[in-house]
Amino acid sequence: MAKAQSSPRARLDDLPTRELIARGSALLATHDYKDAIDVYKLLLKREPQAEAGWRESLATAYLERARQLAGKAMYREAAVLWENLPSLCGQAPHPEGYIDWLLRSGQHAKAMRAYAAHAAALSAAEIGELEIEIAALTLTGQKEVLQALPPDAPLRQHLNAAQDALRAYAQGEPEEQVRDALKNISFRSPYRDWRQALSALLKLETDPTEAAALAKRLSPTSPYQGLAEIVRACAAADPTRALLTLDPIQRELAGSLLGLDQRQMKLLKEWTRLNVHPGDKASFDFIIANQATLNAELARHASLALLPAYPSGLKIHTRLFGPLSPFESNRLQALQAERDHQYSRALRSWRTCAELLIQDAGNPDNRLAAALILRHMAELAEQEDLDWGETPKTRDYLEQSLRLDPDDRDIYLKLAKLCQDAGDDKEYHQWVERAAKHFPNDPQVLLAAVETATARNAYKKAAGFAARVLELDPINPKARAILISAHLAHARKQILAGKYALAEKELDSAGQLERDKARGGVIEINRGLLASRQDQPERARQWLREGLRLAGSPVLAWLRLAVEAERVDLEPSVLRRDLDLGDPRKLAAGRADLLALIRAVNAYHEEGFEYLDATLRELERPLKHAIQQLEEEGDLVAVCESLHQAPCHELLEIAAARALERYPEQPLFVYYLIYGRAEGDIDSVKDRDYERLENALDQAVAAKDHRTVTAINQFFSQGAPPSPFSRMGGPPQMPREMRRELDDIRRQLERVPPALRDQMLDAMLDDLPPDDDFPPKVQRALMKILLLGDEAFRDLLDESPDFPPSPRGRGGRNKRRR
Amino acid sequence: MPNPFAVLGVAEDADDDAIKKAYLQQVREHPPERNPERFQAIRAAYEAVKTRRDRLRHRILQQEPPDLAGLVATALQPGARRRPSEFQLRQVLSQPLIGPK
């Protein structure tokens, strides 16, 4: 332990010479010159007379270490290290580096003496480079340098010409005169870099890009790089930012070159003092301190823009730029409230803004601005879940905005979507129709109109809208598909009405629109069904066979025939017998067939056809066989999802069991298995499965698998009274035991006479323990709901119209099974 | 976000045509293949203010802190260029030599 704490020097002393030699070589090889110096100094101390090249190695270590320090701009330290070389190793290698470090560390007199002493040992190139540095110092009038130069030194030869050029340039003499002076400096002169730098400065006056190019030609180590940086900054596309990279002396000179006046220079100075990302107060103070130099209107805008983040600045802003208008004042309050996440307050302020603008609604800008504010309010209300009360605020704001600015297509569609989501179909269709009226040539609106018209069985109307889309956009596949569906739906309607000629016409129209038999034989099957209704058995057989062939797989053909026949009130079994389709249990099906069938099932479900369960059960055997071939998680999820939606519980259980073989205990598949096994009824779930489902829910929550969490929670909430928590991400999960206890109490209460029941209930509610989350009144009401169900919930809603918030998807989507 | 009007080099009361013209001019000067970042900034600025509706929305609802750099750049518009004095030149040349050799 003591050994480990000893100094590196002590540890080195312990090493035998042989190991020290090896270590020294290794340190040199890894450029660890600092430690190499210690090793070789120790070796020479042990054996001063050794002739093993240790002195050369020590000299190398010293020189390279000095270069490392110079590389970090530690010129003075580098020079000191180099000065040790002659005494330690009897050598003075590379004196040009030493002289350069002296010059760069400002030790000019010492540098000139060293230059004189070592000049004979320097190469012509080394002398040339050093003289460029010394020339720059002579230009600045460094007396120590000038005095050290012999009268016949080459450095004196062009000094006058260089200084003449400097003076002529600085005194504003014409460019020609400056260039005449520069001509006296030859290309080999130590002042040649000065000639290049001054040429760049001159060029800046007429051609900044060329000036930057001239400055770039200077060597990176040239003493005139400071000037080159100034030239480049002044020539930059954004000099303001480029000036920030310069030091104050350079910036001062650049300011002159750019023609900045004293006030601008002061602004630049303060701007450089500001942090890269100043705070709101610092930014505000900067604007205010420099508002006289800044563009007045822009400064006012910038100050105003900072006020929501820095409200303390309002007094100064008002003093300097005048009082805010009522509109601006409310706008600022609204923005401040948004920053503070006080959205109700923000909505109030925005409302005032809109009202102020509407007061002068004759001004089209004001009308549009008010509409934009109302749309922003709608966004806030939607995002921040403020749609409480009878009329959702979002819809209300958007409707108001359209009265002020009826030309925003997206708002019509947004309103239609909101109504659709809320289950308000009438309003949904109306908004789409309004949009279609206002934007008769907009494909997106027309497609929405097709969908609503189809949903209302207004096929002619739907076909008209879709045809218009295809006129505007002939390759729109969605419009084509919708139009074919509309013709098919209309054809079925005509078949059912006995209008066979019209039905045929519709089927012809669908056939003309279809490309590459993309509907998989549906049109042909319907032609066959039409022929069957017309008592044309042979023609019916031909068309149906063609349709079934186009379906692509026997199981899909079976499904299509069943669904399409049922849609026109024909008995599929009769047709199957006639077509000799045989026993469905003997049909063959593989993965591809199953997935194609699943796509068809989903499409039928989307079209609103809900009687698929019986047909799927007929196909159970081949489908079961196909399910066993599935491997991929995506395939298994798609199949389970479709069977869950259909619903087809038996096959769902089979598919989920297969999925769990491949992906054990995956929560989503556990849910599908138990849902299928219980036939979608939570009360039929066995105790063991209930626990398994609870575990799956925990796993899904931990994995943030929101889809599975939602599905399981919805399953758990079956049979429970409408939950006041539905807007908070679903009802809290109630332990099964507690639910059973509540059910028992409820049943007992139902058995007693109403008067006694109320007394019993009051007594139970009086005994409720205090709750931190709800006030006593709300707690009593919630418990009453849990015990009495829907009736108590309605009472609560009647008493408190604002509580609980209305469910997001009102209407059909939220209907309970029971 | 930088002030979109400053990015495009137009006045705040510029109309649709002037803004589009300035946008196309900027895109010609800074095409995406040469300066993708600058192009993105120009594109974003154009999208923010290209129509009257966009400009009103920007003016009313914009919550970004002001573009101080743009503000300063506007105030530092170069004036009549002056040559530096002998003193300034010698001062810059007297600064320590730059960079390792």
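Each value in this text was obtained by applying a stated rule to the coordinates, not by laboratory testing. This one's a predicted model, so the numbers in the text were calculated from it and none came from an experiment. Please note: Cβ atoms are built from the backbone with ideal geometry, for glycine as well, and neighbour counts cover all protein chains shown.
Observations on the structure shown:
- Around the Cα centre of region A:347-472, unit charges on the Cβ atoms of Lys, Arg, Asp and Glu (plus for the first two, minus for the last two) sum to a dipole of about 500 debye.
- All C-alpha to C-alpha distances of region A:100-146, sorted into 5 Å bins beginning at zero, yield P(r) values of 5, 23, 36, 26, 10, 1 percent in whole numbers.
- Rounded tilt (10° steps) of A:425-438 against the dominant C-alpha axis of chain A: 60
- Kirkwood Rh, Cα atoms: Rg over Rh of region A:53-158: 1.00
- 222 nm mean residue ellipticity, helices alone, for chain A (DSSP H n ≥ 4; -39,500 (n - 2.57); rounded to 500): -21500 deg cm²/dmol
- Average beta carbon contacts from partner chains per residue of B:53-60, 10 Å cutoff: 5
- Here chain A is treated as an ellipsoid with the same Cα gyration tensor; its semi-axes, largest first and in whole Å, are 83, 41, 37.
- Ascending count of other beta-carbon atoms within 10 Å, so fewest first, for A:Phe327, A:Phe609, B:Phe87: B:Phe87, A:Phe609, A:Phe327
- For A:Leu594, A:Leu43, A:Leu202, order by how many other beta-carbon atoms lie within 10 Å, fewest first: A:Leu202, A:Leu43, A:Leu594
- Alpha-carbon centroid distance for the pair region A:151-193 / region A:475-516, whole angstrom: 92
- Of every Cα-Cα pair in region A:598-666, the percent that sits beyond 19 Å: 27
- Directionally averaged shadow of region A:158-273, computed from the convex hull of its alpha-carbon atoms, nm²: 7.2
- Placing pseudo-labels 7 Å out from each Cα toward the beta carbon at A:Asp766 and A:Asn160 gives an inter-label distance of 12.1 nm.
- Mean per-residue shielding of peptide A:250-259 is 5, counting Cβ atoms of other chains within 10 Å of each Cβ.
- For chain B, size of Cβ-based charge dipole, Lys and Arg +1, Asp and Glu -1, in debye: 340
- On Cα atoms only, tilt of A:554-567 relative to the major axis of chain A in degrees: 60
- On a per residue basis, the convex hull of the C-alpha atoms belonging to region B:44-90 measures out at 133 Å³.
- Sequence of A:Asp14, A:Asp238 once ranked by neighbouring C-beta atoms within 10 Å, starting from the fewest: A:Asp14, A:Asp238
- Helix A:326-339 and the longest principal axis of the C-alpha atoms of chain A enclose an angle of approximately 90°.
- Here chain A is assigned +1 on the Cβ of each Lys and Arg and -1 on the Cβ of each Asp and Glu. Its dipole about the Cα centre then comes out at about 1160 debye.
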